[in-house]
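One structure is given below, encoded as structure tokens.
Nothing in this text is a laboratory measurement; each read-out follows from the coordinates by a stated rule. Predicted, not measured: the structure shown is a model, and the values here were computed from it. Neighbour counts run over all protein chains shown; Cβ positions are idealised from the backbone, glycine included.
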Amino acid sequence: MRWKTKAERCTSRLSLAPAKTGHRDPFSEIMDMMTGIDEMLRKKIAQLVALRKRIEEVIDGLDSVCRQMMRLRYFKNWGWEKIAQELCYSEQRIMQLHNKALAAIGEK
């Protein structure tokens, strides 16, 4: 949070200047907005981390080949052809395994 420390130093120096009556210091307003955005992003990141953990738990429940295929597809963003080559299966078989994995996940 280096931006916040720098903003606080900057704001404290600038707030010594006479303020207009009825108006907030624009740097303070910006700092408040940035703090709000920072808090929102931290919450969103925590939600995404929890979601990824849940997805990993579900994938871990699959058989070895399906687990490996799903990790390559959804965590490494590999295409079907590359996955098929890596796992030594045809692309058609990888698609079948993918459907099998999705069905198994849907049953849980």
* If packing is taken as the mean number of other Cβ atoms within 10 Å per residue, what is the order of 66-72, 47-53, highest first? -> 66-72, 47-53
* Which far-off residues, 5 or more places away or on another chain, put their amide H under 5 Å from the one on Trp78, with H placed in the peptide plane? -> Arg73
* Under 26 Å between C-alpha atoms is the cut-off here; go through the stretch 24-107 and count lysine pairs that meet it, provided they're at least eight residues apart or on different chains. => 9
* What are the ³J(HN,Hα) values, in whole Hz, obtained from phi via the Karplus relation 6.51 cos²θ - 1.76 cosθ + 1.60 with θ = phi - 60°, for each residue of the stretch 82-88 in sequence order, with x given for Gly and Pro? -> 5, 5, 4, 5, 4, 8, 6
